[in-house]
Amino acid sequence: MPDKILFVDDEPAVLEGYKRILHREFDVNTANGGEQALAAIRETGPFSVVISDMRMPGMNGAQFLAQVRQTAPDTIRMLLTGHADLNAAMDAVNEGNIFRFLTKPCEKEVLGKAITTGLVQYRLVMAERELLENTLMGSIKVLTDVLAAASPEAFGRSKRIARYVGHLVSKFGLGSPWRFEAAAMLSQLGCVMLDPELVQAAYVGKSLSPEDQARFAAHPQTARDLLVHIPRLEPIAWMISQQLTMELLPTGHNSPAAMSGDIVPGARMLKLAIAFDSYRMNGKSEGQAIASLRERHTEFEKELVDALTNMKSEGATMEVRKIAVSKLVTGMILHQEIRNRAGMLVVANGQEVTHALLIKLESFAQAGKIDKEIMALVPV
C-alpha cells in the first residue's frame, strides 16, 4: 500500500494546487482545516506525512499538528508558514511537535524533497516498531515464560497488572503503549529470587517479619538490575524500579495527558495497578478497591483512579468448566490455584495457559503430582 500524504489548509484552491503538482509522485489527500483533517486521520488513516498551513481559522497549524502528535504519534508532521509566522514555527519545532517547517511560497522541488525525506523518516519509525514487536517483545515473552515457571504467583499478578495498565493506557491514549505493557508484564520479575510462599504472603497482605519485608521490597530493584543492560529496555527497567515508591509530582504536573510520551506515567500507573490488585486479592470488589484508592489522595491522582472504572471483565466470553489437563489449550485461564501433593503452589489462580505452562502441567499430571482435572475458563 503506497504511503499517503495529507495536506491541510483552509483554502480549497491551495489544496487543489498541491494535488495538481504532486499527484504523479505521491498519494496526495487533502483536508479543509484542522477539524476535517483530524476526522480524516481517524477514519481513513494512517497517513505517513501530514503537512499543514500555519494560518488557519479556529485551530492554527501548530495546534493542529500537536493534536496529530497525540492521535497518530508515528505520523511525520510538517508546517508550512510565511515569514511573519517564523517565530511561532520555530517554537513548534523546539517543542518537538514538528519534524520540519517549510516557508511559503514553497517550490515544487523543495516540497517534493521534504516529503521524500519525511517518508524515509516514517519508514525508519515503522522499521523500529517492527523490531520492537518482533524481536524485543519476543525476548520479553521468554522472560515472562521463565517467570511463569519459576514463580506462578508472581506471573499471575503480572498478568492482572498488565490488564489494568493496558486499560489505563487505552483510556489516556499514551504513545508507545508497548513500553507500559512490557513494564507491567515484567514488574514481578524480581520475585524469581524469592521464596514462593513469601511472595504469596506479601501479595495477600499477610504480616511479614522485617527481614522478609525488606527482601520483598527489594524485588523491583532486582528486576531493574536484570533488565537495565538489555538495549531499549532501560526505560522499562526504570518504571519497574519505581513501582512501590513513585511519588506524586508537584501540583499541576500529575495529569497523565500532560505526562504523555514520558516514562513517569508508566511508573505512576504501575504503582496504582499494584495497589488495586492488592485490594482485589484481599477480597474487595472493584468498586470497593477504587473507593479505597480514592482515599489515598496523597499517593494517587484522582484522574488515574477514576480511569480504572468500567474495566472490561476478564473472561467475559468464557465459561468455567472442569477439564482434563491433557485437554488444556493456550489461551484458557485457570480458575483455581494448583498445588502439588506437598501443598506447594504450582500455578496461581487466574493464570493464562501458555505453551510453557502446558508442558509443566502435563509433566506434573503424568507424574501424579497434581490432579488430572482442573477448573478453567474456556471459550464459549
At 1.4 Å probe size, put TYR122, TYR279, TYR203 in order of accessible surface, largest to smallest.
TYR279, TYR122, TYR203
May I ask you to list the lysines whose Cα is less than 26 Å away from that of LYS19, ignoring any residue fewer than eight positions away on the same chain?
LYS4, LYS104, LYS108, LYS113
Nearby lysines by direct alpha-carbon distance to LYS141 (threshold 25 angstrom, same-chain neighbours under 8 apart not counted)
LYS159, LYS171, LYS271, LYS312, LYS327, LYS360
Counting only residues 5 or more places away or on other chains, whose amide H sits under 5 Å from the amide H of LEU102 once H atoms are built in the peptide plane?
LEU79, LEU80, THR81
Given labels modelled 7 Å from the Cα in the Cβ direction, how far is it in nm from LYS104 to MET311?
4.9
Is the shape of region 291-373 best called rounded, prolate or oblate, per the rule: a/c under 1.5 gives rounded, else a/b larger than b/c gives prolate, else oblate, with a ≥ b ≥ c the square roots of the Cα gyration tensor eigenvalues?
prolate
Quick one: accessible surface of VAL380, probe radius 1.4 Å, all protein chains present, in square angstrom to the nearest 10.
130
Test of understanding: in a Gaussian network model of the chain with alpha carbons linked when under 10 Å, which of PRO196, PRO235, PRO105 would top the mean-square fluctuation ranking?
PRO105
Dipole of region 101-208, positive end: most advanced residue of GLN121, ALA183, LEU198 [Cβ charges, Cα centre]
GLN121
Taking every pair of Cα atoms in region 101-245, average 1/r, invert it to obtain the Kirkwood radius, and report Rg/Rh to two decimals.
1.18
The chain, Gaussian network, Cα under 10 Å: of MET332, MET59, MET239, the residue fluctuating most is MET59
DSSP beta bridges in the chain, what fraction antiparallel, as a percent rounded to 5?
40
What accessible surface, in Å², does a 1.4 Å probe find on SER151, ignoring ligands, DNA and RNA and rounding to the nearest 10?
0
Roughly how many percent of the accessible protein surface of the chain is carbon and sulfur, given a 1.4 Å probe and a whole-percent answer?
53
If the chain between THR117 and ASN349 were fully stretched, how many nm would it gain, using 0.36 nm times the residue separation less the Cα-Cα distance?
78.3 nm
Ignoring ligands and nucleic acids, what accessible area does TRP238 show with a 1.4 Å probe (Å², nearest 10)?
90
The chain accessible area per residue, 1.4 Å probe, protein heavy atoms, integer Å², reads 49
Matching label, log10 I(q)/I(0) by the Debye sum over Cα atoms at q = 0.09 Å⁻¹ computed from the structure shown, candidates (1) -0.65; (2) -0.85; (3) -0.48:
(1)
Any aspartates and glutamates whose Cα falls less than 16 Å from that of LYS206, other than same-chain ones fewer than 8 residues away, would be GLU153, ASP195, GLU197, ASP277
Given labels modelled 7 Å from the Cα in the Cβ direction, how far is it in nm from GLN288 to ALA217?
2.8
List the residues, sorted by chain then number, that are 5 or more residues from ASP27 or on another chain and whose placed amide H is less than 5 Å from its amide H.
ILE5
Using a Gaussian network for the chain with springs between C-alpha atoms less than 10 Å apart, which of these wobbles most: SER187, SER241, SER278?
SER278
Label-point separation in nm, SER209 to ARG321, each point 7 Å along Cα→Cβ:
4.7
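The values are calculated or read from the model by the stated rules, or taken from the named source; none is laboratory data. Everything numeric here is computed off the predicted structure, so don't read it as measured data. So basically every Cβ, Gly included, is an ideal-geometry build from the backbone, and we count neighbours across all protein chains shown. These accessible areas exclude ligands, DNA and RNA; they are computed on the full protein's heavy atoms, side chains included. Shrake-Rupley method; radii C 1.70, N 1.55, O 1.52, S 1.80 Å.
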